[in-house]
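The values are calculated or read from the model by the stated rules, or taken from the named source; none is laboratory data. Here the structure is a predicted model, which means the values were calculated and not measured. Here the Cβ positions follow ideal geometry from the backbone for every residue, glycine too, while neighbour counts run over all protein chains shown.
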Amino acid sequence: MIKQYLLLLFVACLSFGTSKAQTSDSLIVNRLRAEGVKFSHNNTVTLLMNGQEKFDDMFRAIRQARSSVHLEYFNFRNDSIANMLFDLLAEKAKEGVEVRALFDAFGNSSNNRPLKKKHLKSIRKRGIEIYEFSPLRFPWINQVFHRDHRKIVIIDGQIAYTGGMNVADYYINGTEQVGEWHDMHCRIDGDEVNTLQAIFLRIWNKTAKQNIHGAKYYRGIRGGYYFEGLKPDTCPTAGKKMVGIINREPRTTNRIIRTFYEGAINDAKDSIKLISPYFTLIPKVKKALRKAAKRGVQIEVMISERGDIPLTPDCVFYNAHKLMKHGVKVWIYRPGFHHTKIIMVDGKFCTVGSANLDARSLRFDYEENAVIIDQCTTRQLNDMFERDKKKSVMLTPEYWKTERTGWQKFRGWFAHLLAPWL
């Protein structure tokens with residue numbers, strides 16, 4: 001009898017330990033650690049919910065820089081917000097602050113107000129080091145692949161910004177084509193700033209053919225936190241958040257962002273909420289979403305009524321309609337283009353970063369996301385999702401029948417055949 005009791009007690013303890021280990025947040029952490037991702041537990045993450053918040057906060061922080069400002073963007077659009085930024089960076093350079101900026105050559109040429117040679121010459125004359133990543137060269141073979149799509153800013157090695165926004169006026173003012181351009185960013189203070197700094201310095205040294213390194217660029221070496229007037233992290237977990245950086249680079253960490261998204265969806269127990277502007281999807285992510293819906297996970301996806309790239313919105317609607325048939329709730333954001341790239345799983349963890357749910361981000365480009373294992377931050381993103389649902393309409397069979405023309409449906413079918421390259 002005692003042996004049976006001890007056996008039952010052992011099984012119960014084992015079951016309790018197993019169930020505890022099988023929560024979606026612990027599963028995703030284990031998956032990513034197996035891929036070499038390191039998590040730290042001393043981070044503050046402040047969500048910057050729109051372009052105005054991002055640029056106000058970042059400019060305020062740059063004004064207080066004492067040592068270095070490092071910027072890595074897909075593009076700097078040659079408009080008023082970029083001019084304000086370069087003016088500010090020139091002031092800091094004059095004060096002796098090291099200022100380094102990177103932009104992607106394809107990203108620059110693909111926007112309608114690129115930085116030209118004369119602009120770069122003027123910027124460099126003002127003490128700012130600026131380089132383009134992977135310059136476009138004839139015959140342009142492979143030039144559309146392996147682009148640097150990351151958005152990273154590190155100030156004094158103490159704080160970092162990352163998210164979905166480049167540097168452009170339309171993140172505040174929108175555009176005539178799509179209306180409101182909705183996006184978000186976050187500011188990190190903690191050991192993951194060091195991870196982002198290491199990412200930047202590696203690509204900087206590769207691009208600029210320099211060897212910039214040293215303890216002064218990393219958090220924990222210099223003096224204490226001295227930035228004032230920045231938006232606070234209001235979570236009770238501020239300063240204690242578990243964060244890991246997933247960084248995709250061709251030939252070295254090819255699969256890491258795919259591993260995250262596939263794992264996050266496959267490990268979900270209760271709910272998934274996600275927003276992705278280019279919801280063109282790769283087959284494994286489609287399959288994971290269908291399987292999650294089949295096992296009873298409540299999935300809500302937000303897409304945009306309009307987009308900025310031909311054919312892509314049609315492919316997005318095609319995929320959304322297919323998933324709707326599997327029980328996924330799809331919300332169509334109407335005020336403009338929701339360029340945000342986030343996912344929230346089971347209310348336990350989330351991500352903010354540069355990666356889209358398309359083949360370019362998951363298979364080709366340099367990308368980076370912060371994975372935040374924190375219920376409070378995840379709830380803040382869930383709250384944003386719920387607010388934006390009030391500005392959206394649900395995709396239904398009736399909507400598909402009456403609001404999407406036959407030509408649009410055909411374009412969507414055709415575009416989904418091109419999804420491996422969109």
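Do any helices (runs of 4 or more DSSP H) entirely within segment 46-127 hold 1 or more residues that are farther than 30 Å from His338 by Cα and in contact with a Lys or Arg (Cβ under 7 Å, 6 or more places away or on another chain), and if so, which?
The helices (runs of 4 or more DSSP H) meeting that bar are 80-94.
Within segment 153-200, can you find the residues that are of a type in the set (Val, Ile, Thr) and over 18 Å from Met58 (Cα atoms)?
Thr175, Val178, Thr195, Ile199
Within the bounds of segment 239-250, is there any residue that is within 22 Å of Arg363 (Cα to Cα), under 19 Å from the mean Cα position of the chain (by Cα), in a loop (DSSP other than H, G, I, E, B) and of a type outside the set (S, T, N, Q)?
Yes; the residues of segment 239-250 include at least one that is within 22 Å of Arg363 (Cα to Cα), under 19 Å from the mean Cα position of the chain (by Cα), in a loop (DSSP other than H, G, I, E, B) and of a type outside the set (S, T, N, Q).
Being outside any loop (DSSP other than H, G, I, E, B), in contact with a strand residue (DSSP E or B) (Cβ under 7 Å, 6 or more places away or on another chain) and either surrounded by fewer than 20 Cβ atoms within 10 Å (Cβ to Cβ) or of a type in the set (Val, Ile, Thr) (or both), is that true of even one residue in segment 212-235?
no
Restricting attention to segment 1-42, and to residues there that are polar (S, T, N, Q) and modelled with pLDDT of 95 or more, which single residue is surrounded by the most Cβ atoms within 10 Å (Cβ to Cβ)?
By that ranking, first place goes to Ser24.
Being touching a helix residue (DSSP H, G or I) at 6+ places or on another chain (Cβ under 9 Å), within 19 Å of Arg31 (Cα to Cα) and part of a helix (DSSP H, G or I): is that true of Ile257 here?
yes
Name the residues in segment 246-273 that are polar (S, T, N, Q) and either without any contact (Cβ under 8 Å) to a residue 60 or more places away in the chain or within 26 Å of Ala65 (Cα to Cα) (or both), would you?
Here is the first cut: in segment 246-273, the residues polar (S, T, N, Q) are 247, 252-254, 259, 266, 271.
Correct list: Asn247, Thr252, Asn266.
Taking strands (runs of 3 or more DSSP E) that do not extend beyond segment 328-422, which have at least 1 residues that are in contact (Cβ under 8 Å) with a residue 12 or more places away in the chain, in contact with a Leu (Cβ under 7 Å, 6 or more places away or on another chain) and over 30 Å from Leu196 (Cα atoms)?
329-333
Tell me whether segment 173-196 contains one or more residues that are among the aliphatic types (A, V, I, L, M), surrounded by 22 or more Cβ atoms within 10 Å (Cβ to Cβ) and in contact with a Gly (Cβ under 9 Å, 6 or more places away or on another chain).
There is at least one residue in segment 173-196 that is among the aliphatic types (A, V, I, L, M), surrounded by 22 or more Cβ atoms within 10 Å (Cβ to Cβ) and in contact with a Gly (Cβ under 9 Å, 6 or more places away or on another chain).
When only residues in segment 278-306 that are more than 18 Å from the chain's Cα centre (by Cα) and assigned to a loop (DSSP other than H, G, I, E, B) count, which is surrounded by the most Cβ atoms within 10 Å (Cβ to Cβ)? Step through it out loud before you land on a result.
From segment 278-306, those more than 18 Å from the chain's Cα centre (by Cα) are 283-284, 286-300, 305-306; that's our starting set.
From what's left, assigned to a loop (DSSP other than H, G, I, E, B): 295-297, 305-306.
Working: Arg295: 10, Gly296: 9, Val297: 22, Glu305: 18, Arg306: 17.
Among residues in segment 278-306 that are more than 18 Å from the chain's Cα centre (by Cα) and assigned to a loop (DSSP other than H, G, I, E, B), the one surrounded by the most Cβ atoms within 10 Å (Cβ to Cβ) is Val297.
Please name all residue pairs, on different chains or six or more residues apart, with Cβ atoms under 8 Å, provided the first residue is in segment 230-245 and is touching a residue at least 12 places away in the same chain (Cβ under 8 Å) and the second residue is hydrophobic (A, V, I, L, M, F, W, C) and assigned to a loop (DSSP other than H, G, I, E, B).
Pro232/Ala238; Lys241/Cys235; Gly244/Val37; Ile245/Val37
Taking segment 266-276 as the search range and keeping residues that are surrounded by 20 or more Cβ atoms within 10 Å (Cβ to Cβ) and in contact with a strand residue (DSSP E or B) (Cβ under 6 Å, 6 or more places away or on another chain), which one is farthest from His339 (Cα to Cα)?
Here the residue is Ala268.
When you look at Gly347, is it at pLDDT 95 or above and in contact with a strand residue (DSSP E or B) (Cβ under 6 Å, 6 or more places away or on another chain), yes or no?
no
Just give me the residues in segment 43-79 being closer than 30 Å to Pro135 by Cβ, more than 24 Å from the chain's Cα centre (by Cα) and either surrounded by fewer than 17 Cβ atoms within 10 Å (Cβ to Cβ) or aromatic (Phe, Trp, Tyr) (or both), in sequence order.
Ser67
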